[in-house]
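The values are calculated or read from the model by the stated rules, or taken from the named source; none is laboratory data. Just so it is clear, the structure is predicted and the values come from calculations on it, not from any experiment. Here the Cβ positions follow ideal geometry from the backbone for every residue, glycine too, while neighbour counts run over all protein chains shown. Side chains are part of the model used for accessible areas, which takes the heavy atoms of the whole protein and leaves out ligands, DNA and RNA. Shrake-Rupley method; radii C 1.70, N 1.55, O 1.52, S 1.80 Å.
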Amino acid sequence: MLEASDMRASAPSTAPAAPRVRYRTGPVEPGPTTLAAFGFGDGPDAVDDPRWFRVALEPFGDAVVETWEVDAEVTHGRDGDLRWSRGGGWLFAAVECRESAYGGIEGAARHAYELLSRFVARGPERHVQRIWNYLGAINAGDDDDERYKHFCTGRIGGMGDVFAQGFPAATAIGHHADRDVLQVYLLATDRPGTRVENPRQVSAWQYPRQYGRTPPSFARATLLPADDVLAISGTAAVVGHASAHAGDIDAQLAETLRNLEALLVAGGLPPGFNADAPLKAYVRHPAHAEAVRAFAAKHLPRAPMLLLHGDICREELLVEIDGWRYRS
Ligand code: 3EB
């Protein structure tokens with residue numbers, strides 16, 4: 001039998017590990033330590049559970065479930081348009097709403113961010129590390145009236161004090177499901193993380209006026225506490241503030257990989273995307289899915305890679321990659 005002092009000595013380090021992100025095939029139900037589980041595209045929902053979230057993007061290839069596992073029991077609930085789960089110092093929160101109930105994309109984005117920031121401010125997990133946004137017809141509308149730009153305005157309007165110390169890493173992608181549906185979900189924790197920018201790129205919140213009235217409010221990546229995983233934002237062929245290689249999928253992929261590698265260096269992670277680097281590629285044109293797969297097979301052969309049909313927030317961008325890089 002262990003003495004109390006022995007038990008202390010053998011206990012894990014005080015900072016609980018970041019959620020483990022995995023892609024699984026076959027039916028998956030959330031278990032006691034599952035913080036969140038995601039299906040992709042149209043499909044039957046096997047469970048009615050606040051942790052189960054169906055992302056409105058169709059996968060290329062077999063159905064996959066993404067799971068986030070923590071080292072602790074998870075509790076969960078619902079609160080109007082918002083659902084949440086928490087455990088081990090980590091919080092998942094998600095909002096799905098109809099734009100038409102909030103006067104359009106700008107009002108819906110403000111609503112979603114208000115709900116999320118109010119909810120996060122009430123609990124101990126008030127450090128938002130990573131956030132995902134999926135909206136319909138992201139590139140519809142001209143110039144300052146493009147829907148993505150209205151989304152950016154609503155987003156900053158709804159971000160409360162919880163985002164005041166700096167923006168989380170983010171993804172914003174256009175879906176092809178019901179155009180009226182906005183989906184936003186986040187990962188937060190009870191300790192601050194470290195924001196990471198890409199020296200090859202102008203920080204998004206400093207983009208010049210030509211990209212819209214409201215610059216996008218996100219960091220390029222966050223190093224989650226306790227520094228064992230880099231959460232990587234949607235990353236595309238943006239150099240400085242400009243889109244590179246318009247119309248050229250292979251050149252955009254190569255530039256995107258340079259940006260991803262630069263983020264690993266900036267975040268102090270080992271180089272390369274190994275089996276502990278689950279990634280997602282958002283592909284604008286289904287005709288490019290094969291090129292993306294071939295690029296990934298050649299340059300990211302060990303990284304688990306999920307391909308999804310989604311529009312990137314600048315019309316000329318054909319592909320975007322996000323994901324995680326664990327220290328292992
Ligand atoms: C870019 O680098 C590409 O608005 O939350 C990437 C990741 C992009 C997140 C966002 C936008 C967002 O500007 C677009």
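This table checks each residue for (1) surrounded by 18 or more Cβ atoms within 10 Å (Cβ to Cβ); (2) part of a loop (DSSP other than H, G, I, E, B); (3) modelled with pLDDT under 95; (4) acidic (Asp, Glu).
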| position | (1), (2), (3), (4) |
| --- | --- |
| 186 | yes, no, no, no |
| 191 | no, yes, no, no |
| 198 | yes, yes, no, no |
| 210 | no, no, no, no |
| 223 | yes, no, no, no |
> Has segment 252-263 got at least one residue that is at pLDDT 95 or above, touching a Leu at 6+ places or on another chain (Cβ under 6 Å) and under 17 Å from residue 198 (Cα atoms)?
Replying inline: yes
> Within the group 317, 300, which residue is more than 14 Å from the ligand (Cβ to nearest atom) and in contact (Cβ under 8 Å) with a residue 40 or more places away in the chain?
Replying inline: 300
> Which members of segment 274-293 meet the condition of being touching a Gly at 6+ places or on another chain (Cβ under 8 Å) and within 28 Å of residue 327 (Cα to Cα)?
Replying inline: 277, 278, 279, 280, 282, 283
>> For segment 272-297, which positions are touching a residue at least 60 places away in the same chain (Cβ under 8 Å) and over 17 Å from residue 250 (Cα atoms)?
In response: 278
> Can you name the residue in segment 88-115 that is touching a residue at least 24 places away in the same chain (Cβ under 8 Å) and at positive phi and, of all such residues, is farthest from the chain's Cα centre (by Cα)?
Replying inline: 104
> Taking the stated definitions as given, is residue 291 open to solvent by 10 Å² or more (accessible area, probe 1.4 Å), among the aliphatic types (A, V, I, L, M) and either under 25 Å from residue 227 (Cα atoms) or in contact with a strand residue (DSSP E or B) (Cβ under 8 Å, 6 or more places away or on another chain) (or both)?
Replying inline: no
